[in-house]
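> Dumping the structure here so I can ask a few things about it.
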Amino acid sequence: MTLTHHLLLGAALFLIGVFGALTRRNIIGILMSIELMFNAANINLAAFNHFLHPEGVLGMTTALFIITVAAAEVVVGLALVLAIYRNCESVYAEDFNLLKG
Amino acid sequence: MNILSLITFLPAAGALVILALPKERERAIQAAALISSGLSLILCGALYVLFNRGTSDMQFVERIPWIPSLGAQYFLGVDGLSVPLVILTALMSFVSLIASLNIKVRIKEYFFWFLILETGMSGVFAALDMVLFYVFWEITLVPMYFLIGIWGGPKKEYAAIKFFLYTLTGSVFMLLGILAVYFNTTPHTFDLLTLLQSHAQWSSRFQILVFIAFYLGFAVKVPAFPFHTWLPLAHVEAPTAVSVVLAAVLLKMGVYGIMRISYGMLPLGFSWFLPILIAIAVINIIYGALCAMAQTDMKKMVAYSSINHMGYCLLGIAGLTATGFAGASFEMINHGIITGALFLLVGVIYDRAHTRDISAFGGLAAKLPVYAGLMSLACFASLGLPGLAGFISEFLCFLGAFARWKVCTAVSVIGILVTAAFFLRMLEKVFLGPFNEKWSALTDLDARELCAIVPLAALTIVLGVYPRPALDLMNTTLVHMAGLFK
Amino acid sequence: MTMLEHAYLIALIPLAASFLILFGGKEDPHSPLPFVGIAAIGWCLVESLGILYAAISGAALPYAQDWSWFSFGMTAANRPFVYDMPIGVLIDGPAVFMLVVVTLVSFLVQIYSLSYMHGDARFKRYYAYLSFFTASMLGLVVSSNLLVTFCCWELVGFSSYILIGFWFERSEPAYAAKKAFLTTKLGDLGLYLALLFIFVLVGSFQIPQIAQFVSRGYMSTAAATLIALGILCGAAGKSAQAPLFIWLPDAMEGPTPVSALIHAATMVAAGVYLVARCYFIFTAAPIAMETVAWLGALTAFLAATMAIVCTDIKRVLAFSTVSQLGFMMCALGAWGLTAGLFHLTTHAAFKALLFLCAGSVIHAVHTNDMRQMGGLSKKMPLTFLTTFIGTCAISGIPLLSGWYSKDMILERVYEHDPRLFIILAITATLTAFYMFRLLFLTFLGTERDKDKHAHAHESPWPMTVPLVVLALLSIFAGALLDHHHLFESLVTGPVSPEIPHPAPPWLGWSVTAAVAASIVAAAKLYGGPHFETAQRLKAAWAPLFHLLDRRYYLDDIFLGLVDLGDRAARLAFWIDSEVIDAIFVDGWGAVARLAAKLSHLFDDLCIDRTVDGTGGLSVTVGGALRSLVARGLAQEYLMYAAVGMSVLAALTWFR
Amino acid sequence: MIEAIAFYTFAAVTLIGAFGVVTLRNTIYSALCLGLCLAGVAGIFANLGADFLFASQLLIYVGGIAILIVFAVMLLGRTSDLHLKQVNEQWAAAFLIGAVTWVGLWRAAKIFSHTPLPIPEAAKTTRAIGLLMMGDLAVPFEAISLVLLAALLGAVFFSRKENP
């Protein structure tokens, strides 16, 4: 197994995440897709660490930080979804156009 | 944590406590301020007792690496030049805090800034590292800006911004000077004591340039002609207690800087500048006195008299003798005490009458005997009546300068006469003559005001009759300083 | 000997009394505190007499004792060290007599004031001030250190300030107090510089050390002259010599006992005393000596002429004081230390007497104007008698004290320079004239103001007893002190190097004859009820009278100087606020603002147009695009980002 | 050899899970697929010798986040939604973008194709990570903890009942 394999796995996972984020109507679905992208990044980090700097652990540690940030993100995201749902009775992204200037 | 750090940072600790207190609890805020500043003053008493008068070395030294990559240290220490000023700072801050108890608006912020100011001022006198010195120097600036700008008189914003810009401009030049000496010493260092020893490696031209940079920084603070115009304005607009601290301590930072850094570090630059310095001293003395004479506002008059008195300090320094240094150092202490008292007293009458116009009063001595007595005492001390604090120091300044500059000193003696003239005229117009019935509702001093003023008045008399306690603190150091350069 | 050893107490005890009176107890007409002051000064009197006795009975003089006061750094010969400033007492012959004079007059004046100031709202404070004055005056007398002398010198000036302005509710005393302080301060500047010079040269303020320095010839004549002239400046200010005497007549606004004590007997004599104390410097500087002599003579003459036209009883006495001080100065300048100090001593007695008599009169009639008096001799016989004695004494009637001292001075001055003698002789004649004029106008003739005359009465005993004591002294002091050459044996001055004009024996008697003639003239002019002759003379010499009345316009010159100072002050402030502040400070601000404006203009016209143009374009384009692509949907925006990402990824194809 | 098998197995699990997440109509199945996918990633980590990361991935992601999402879905899920389309109309464009990017990334990843897999060591990384976090990365570590705290507070704030 080479680094390329892992990178391609990461790329595939990332692109699936992107696809999901772009297409899912459900906000929770979008959140889940974003989690997929995080994991893709983590795979890349772990792989770089393993193949390029086997003596160090910096990549893994960074991955840990990402996991933490992801956890924070998902918590806040879900709280927001709950709040939105409570107000608008909807979980579909296209129902919200607050960003329209 | 040795005694100097405690003296310096106790007020800052008090400021943090005040920050934590809710702003409705005014009594607690005032108590916290008084206690922290009072503790600092008590420690200064200990400092006075423990200080070894027999050596010119730095004492109570505390040295901790601070920013190792720059070589900046947390380096405190005092010698005979700075220890009286540290004590003066604590004393005058405490007195000013007592006088500030009548502040009615935004008490929390006021005391917070005041205590930060005290920390900055003590730090300037105790710091022996250029970076630390500069930091403390700048720390004094910000609280002063707010204290004048928020609690000041009608033109407070203008006065505050003028004060700020003036001093900031000065300190920018000072920063340039600090960096210049840093990069021109091998090894690079901010250590003041090392820098004081390293003038041998600097050329004359370099010393002159650096001297000018430092001088600009200090001259604004002194304030030396022609950089003095911020002072009357700031004094007039500042609240009473801030005027007290401004005159009593902040001006001394400039003179201290000139004695410690300009003189000690850059002898060639100093000797090059000496003729100009003596001219500035003479101008300060006579011109300041004349300007004071033209005033109708008591506070502005006292402010200009500060310019006059700082001229005495510069004169003493320019004499380059131990006598002149003793005079200048002692004059700093005395001017702090006397002018502090004067500002407090002017503040008292302003609180009651809401005017400071000299010609608005008349015959107040009959109605306010205690006030009139204390005011006369302060005025006579300021005009140099023997037996009161101002005389000895003034005399030593003249004595120190006379050996080198006979004609200049003889000319500047006129300043004494003019000083006497405007103070006596003020006393006559305000306190003597027929009583102006308009002021029949005025009351004499209350307990708070007495608490603030009487200690200063007592010190004025004690130091005037028996100046040994103050002079003995500085003698060894100043003699050492005077012997540095031939 | 113990009296001498504790001589320092002589200054400290009144000082302590002064503070005790000032801070102890409330203002109260029945307060016992004034007696503290009297007791203190009484003790000092006893001590002074003890010292005098010790001196007469042969104690070693001068007696000196020093303590350490404070120390400061000093640089001498490029070598810095810590100098210890001593403070101490130095009792020599002049000091002994000065001590007795000061304590005696103070004591009597304090007793006199018990009655004179009775009922005043600030009775207690008055005594505190008096004690403070006495303390500083005694300090001046005994101090061995010229710096301490100068301190006390200033403090007596300060006491004079607060005592002249004692009735500060009226504006005249307040103004007079300020004028007195500032005028003497003007003279003090010279003294200040002299002190600086002395210390720079000698390195000490101790009088014995300076004397040694001079006597060994280390001090050049030029330096000695400068120093002596500086000291003379101070002395001229305090002792009211020309042209600085203008403050003394105004100082009469103070309470009369104060005038007697400060402005007649003691403080104004301090200048003479100081010159005597530093006599060794003067004798080393011939030019300074001549200046002293001529200044004294000039002052004596000018003041005497002014006294002739004055109608205020106290001002006549004030001018008389100035004139007599001129006598003393002149004597000192003519190498007559003994004569000058002798006159100082006797003058203190009869001038204090005269002032206290004037006070008694004023107390009775409540006016200073002699034109409203007259015929008081019947109402106040004792006052009249004592005034008469004082007048005779000052005029130099033989065998009274003034005769001895004035004779001595005239003789000494003649020996030095006959021209000075002529001036002084004329002055002595004038003295007798105006003093008897005063006597006639006040006590003899008709009562010109019936109302005031009716209310007049003899003063109570606390006022008359001092009068009697001083009158006795005025009669006998001269004879006593001249007895066996007592005064000369204690106060010996240096002898003039040469005596060009030996005094003829008829000298004294000729002056006495002139004095007698002037008394007759005064009787002729002012003895009658209407003074027609005097009025005619006045009309005939109107310009001269006007000149004398305006005090030779010296007051106007003084006011002109003050005005000049004010103008200078206003000019300085104008420069400060309109030039330095406006140009250097606010000017920079204006320049900076102008620069800011210019750059803002540039911004507006050039850069901003471009920016605005770009902005406007993007707004237009954006507006068009927005309706197309921006519908506010999050995923749509995400899509654009993803397109960007894919474009970036596609770039790798071309690598 | 065994590594290769493990890699392909885990990769397959991951990709299948991910595919499920983005395509399944029922959100609850999507969430479960997410769990599966995350577990696969954990396996990849284990295969790379990152033991602590593996444990963290299992504990936090699989055990925490995935479960949280399942709960959220169950809280919000409405059975009526099952008839609705779960994918919007830009799916074609998204697919195109994905394809283009994939080619680009593939070309980029080939740079590393010659790097062989070193012999996996049995080294434990936990200690090293701990030292790193308490040492050089102490400040980021503290910052992250603050972020977590802020997230916690934010979550509580947003989900309060009375919040508008």
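> As I understand it, the value is the acute angle between the Cα axis of helix C:608-629 and the longest principal axis of the Cα atoms of chain C; what does it come to in degrees, rounded to 10?
40 degrees
> Roughly speaking, what is the stretch gain from C:Y53 to C:F476, that is 0.36 nm per residue apart minus the C-alpha to C-alpha distance, in nm to one decimal?
Contour length minus the Cα-Cα distance gives 150.5 nm.
> Sorted from fewest to most neighbouring beta carbons within 10 Å, what does the list C:I362, D:I65 look like? Mind showing how you got there, number by number?
Working: C:I362 18, D:I65 24.
Ranked by crowding around the Cβ, least crowded first: C:I362, D:I65.
> Counting helices only, and only those DSSP H runs with n ≥ 4, report the 222 nm mean residue ellipticity of the protein assembly as shown as the sum of -39,500 (n - 2.57) divided by its residues, in deg cm²/dmol to the nearest 500. Don't jump to the answer; show the numbers that get you there.
On the way: 60 runs with 1002 residues, N = 1406.
Taken over the protein assembly as shown, the calculation gives -24000 deg cm²/dmol.
> Please give the contour-minus-distance gain from C:A454 to C:E578: 0.36 nm per residue of separation, less the Cα-Cα distance, rounded to one decimal in nm.
Numbers: separation 124, 0.36 × 124 = 44.64 nm, distance 6.39 nm.
The C:A454-C:E578 span can extend by a further 38.2 nm.
> So the label point goes 7 Å from the Cα of B:C451 along Cα→C-beta, right? Which residues of region B:69-104 then have their backbone N under 12 Å from it?
Under cut-off, by backbone N: B:95-102.
> Then there's this: Is the shape of region C:43-200 best called rounded, prolate or oblate, per the rule: a/c under 1.5 gives rounded, else a/b larger than b/c gives prolate, else oblate, with a ≥ b ≥ c the square roots of the Cα gyration tensor eigenvalues? Let's see the in-between values first.
Numbers: a/c = 2.65, a/b = 1.30, b/c = 2.04.
Here region C:43-200 falls in the oblate category.
> Continuing with the same structure: Region C:50-90: which chymotrypsin sites (Phe, Trp or Tyr not before Pro) are DSSP loop and have at most 10 other beta-carbon atoms within 10 angstrom?
Numbers: sites: C:Y53, C:Y63, C:W67, C:W69, C:F70, C:F72, C:F81, C:Y83; in loops: none.
The qualifying sites: there are none.
> So what's the projected area for region B:338-486, the Cα convex hull averaged over all directions, in nm²?
Values: hull surface 42.3 nm².
If you wrap the Cα atoms of region B:338-486 in a convex hull and average its projections, you get 10.6 nm².
> Roughly what % of Cα-Cα distances in region C:86-147 sit above 21 Å, to the whole percent? Numbers along the way, then the final one.
On the way: 644 of 1891 pairs.
Summing the P(r) tail past 21 Å for region C:86-147 gives 34 percent.
> Among B:I208, B:Y158, B:A322, pick out the residue whose Cα is farthest towards the positive end of the charge dipole of chain B, where Lys and Arg carry +1 and Asp and Glu carry -1 on C-beta, about the Cα centre.
So the residue we want is B:Y158.
> So how many Å³ per residue does the convex hull of the Cα atoms of region B:1-265 work out to? Walk me through the intermediate numbers first.
On the way: hull volume 31.1 nm³, N = 265.
Normalising the Cα hull of region B:1-265 by residue number yields 117 Å³.
> For a Förster distance of 41 Å, can you work out the FRET efficiency between the beta-carbons of D:M134 and B:K104, rounded to the nearest 0.05?
On the way: r = 51 Å, r/R0 = 1.26.
With R0 = 41 Å, the Cβ-Cβ based efficiency is 0.20.
> If you take the alpha carbon radius of gyration of region C:325-478 and divide it by 2.2 N^0.38 Å, what ratio comes out, to two decimals? Present the calculation step by step, with values, prior to reporting the outcome.
Working: Rg = 16.7 Å, N = 154, 2.2 N^0.38 = 14.9 Å.
In units of the globular-protein estimate, region C:325-478 measures up at 1.12.
> Still on this structure: Can you give the Rg to Rh ratio of chain B, both from alpha-carbon atoms, with Rh computed by the Kirkwood formula?
Details: Rg = 21.3 Å, Rh = 22.3 Å.
Rounded to two decimals, Rg/Rh equals 0.95.
> For the pair B:R352 and B:L179, what calculated FRET efficiency results from E = 1/(1 + (r/R0)^6), where r is the Cβ-Cβ distance and R0 = 45 Å, to the nearest 0.05?
0.35
> Something else about it: Per 10 Å bin from zero, what fraction in whole % of the C-alpha pairs of chain C is there, up to the bin with the longest pair?
Here the calculated profile for chain C is 3, 14, 23, 22, 13, 6, 3, 2, 3, 3, 4, 3, 2, 0.
> Turning to a different aspect of this structure: At R0 = 60 Å, how high is the FRET efficiency between D:T126 and B:E157 if r is their beta carbon distance? Nearest 0.05 is fine.
On the way: r = 61 Å, r/R0 = 1.01.
Working from the Cβ atoms, E equals 0.50.
> Please give the residues of region B:267-295, grouped as numeric ranges, whose backbone N is less than 14 Å from a label point set 7 Å along the Cα-to-Cβ vector of B:S359.
B:294-295
> Turning to a different aspect of this structure: Rg and Dmax of region A:3-95, Cα atoms, in Å?
According to the Cα coordinates of region A:3-95, Rg and Dmax are 15.9, 52 Å.
> Moving on to the next point. Need one number: nm distance between label points at C:A542 and C:V619, each 7 Å from Cα along Cα→Cβ, rounded to one decimal.
9.2 nm
> Let me check the size of region C:481-568 from its C-alpha atoms; what are the radius of gyration and Dmax in Å?
22.7, 60
> Hey, another quick one. Translational diffusion coefficient, Stokes-Einstein: compute it for the protein assembly as shown using the Kirkwood radius over C-alpha pairs as Rh, at 25 °C and 0.890 mPa s, and state it as an integer in µm² s⁻¹. The partial results should precede the final answer.
Values: Rh = 38.3 Å.
The calculation lands on 64 µm²/s.
> For region B:234-347, treating each Cα as an identical point scatterer without solvent, what Debye log10 I(q)/I(0) comes out at q = 0.13, 0.17, 0.21 1/Å?
-0.49, -0.79, -1.10
No value in this document is a laboratory result; all are computed from the given coordinates. All figures in this text were calculated on a predicted structure; none of them were measured in a lab. Don't worry about glycine lacking a Cβ; one is built from the backbone with ideal geometry, like all the others, and counts go over all protein chains shown.
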